[in-house]
Amino acid sequence: MENHSTGSSNDLHTASASSTMNREESHLPGVNGQNASRIVEADNRGKPVIVVHDLQKTYMLGQTKVRALRGVSLEISEGEFVAVRGPSGSGKSTFMNIIGCLDRPTRGEYWLSGKVVSRMPIEELARVRNRKIGFVFQGFNLLGRATALSNVEMPMIYAGLSRDMRLRRARQALKLVGLGSRMDHKPSQLSGGQQQRVAIARSLVNSPSLLLADEPTGNLDSRTSVEIMAILQALNQQGLTIVLVTHEPDIAEYTTRQVMFRDGRLIRDEPVRQPRDAQAEWLQLAAQNPDDNL
């Protein structure tokens, strides 16, 4: 979203999901699962959001040269939900840092939404990162003394939006993830799942082209993990492109495509033939434990 001075009721990328995402009314993750089993093919979902060609990254660790990426080439198209997997030291974190504009490659090219970003100066990368990419982290990365509303506002402050627009978008995003009644709560007053939903809301407010989720369920129990995956699936079904890093094979099964890294190389890239339906699983959990606050 390039124009940051005006907005409408649909200025959040996923605003059309709001009617199904109000968990405070339905007590459900609110996922439309009708497309959950459809395979998303890069060739037929429109132009690529991400294109990397011969991506290489070399670090110096003391006197030792570490080749973190060794010629990775990959395309991710609009509307895909891609899991990035691999053991520690495989290069997946380096890859995510580069596509998240947190780092630059030593060699190779990276295009984001049609623009070459691999050679941009640091200042321009920061602008692209703020306006084009939403981030969700394992540790939530919320400001402990700030309310949920203030945490969600933060990216828009850096983007230069007016206070009225910031408040409107932040409230809309929190309602979208079912936290409309907890806007004034601080992180210490929220559960782990609620904190991660605040982080998801924060990632959406600048209408990103891409959502990067780095181990978003890593600090959550299994039931809360299903809830978070239901929200991510709902966002993806609204058209948001999502790249998710995970060590957990079962979490990757909720996505529509998996890529595997090892020793700095991309060794496997394949569709998920039958993605798990997080909403259906959440409903089953709710039926089995009706007295639990899911």
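Every number here is computed from the coordinates shown, using simple stated rules; none is lab data. What you see is a predicted model, and the numbers here were worked out from it, not measured in a lab. Cβ: placed from backbone, ideal geometry, glycine included. Neighbour counts: every protein chain shown.
Odds and ends about this structure:
- Each residue in Y110, Y254 was given a count of other beta-carbon atoms within 10 angstrom of its own, and listing them fewest first yields Y110, Y254.
- Residue pairs, from the table K65/K115; K57/K115; K47/K175; K92/K115; K47/K115; K132/K186, whose Cα atoms sit over 24 Å apart: K65/K115; K47/K175; K132/K186
- Dimensions (Å) - the stretch 128-167, Cα atoms, principal axes, largest first: 28, 24, 10
- Under a 5 Å amide H cut-off, with hydrogens placed 1.01 Å from N, G264 pairs with G91 among residues at least 5 apart or on other chains.
- Each residue of the stretch 103-110 is assigned a 3J(HN,Hα), and the resulting list reads 8, 10, x, 6, 9, x, 10, 9 Hz, derived from the Karplus form 6.51 cos²θ - 1.76 cosθ + 1.60 (θ = phi - 60°), x at Gly and Pro.
- Nonlocal amide H pairs with T241, under 5 Å, H built at 1.01 Å: G79, L211
- Each residue of the stretch 266-282 was assigned a 3J(HN,Hα) from its phi angle through the Karplus curve 6.51 cos²θ - 1.76 cosθ + 1.60 (θ = phi - 60°); the sequence is 7, 9, 8, 8, 8, x, 8, 5, 9, x, 5, 9, 5, 5, 4, 5, 5 Hz, with glycine and proline shown as x.
- Mean-position separation - Cα centroids, the stretch 222-248 and the stretch 141-194, in angstrom: 20 Å
- Under 5 Å, built H, 5+ apart or other chain: amide partners of G86: F261
- Taking F140, F261, F95 and counting other C-beta atoms within 10 Å, the order from fewest to most: F140, F261, F95
- Per-residue Cβ neighbour rank within 10 angstrom, fewest leading, D184, D277: D184, D277
- Over 17 Å [Cα-Cα, the stretch 157-291], rounded percent: 65 percent
- Rounded to the nearest 5, the antiparallel percentage of DSSP beta bridges internal to the stretch 98-247 is 15%.
- With both labels modelled 7 Å from their Cα along Cα-to-Cβ, the A146 to V66 distance reads 3.0 nm.
- Calculated P(r) of the stretch 52-194 - Cα pairs past 17 Å, %: 69 percent
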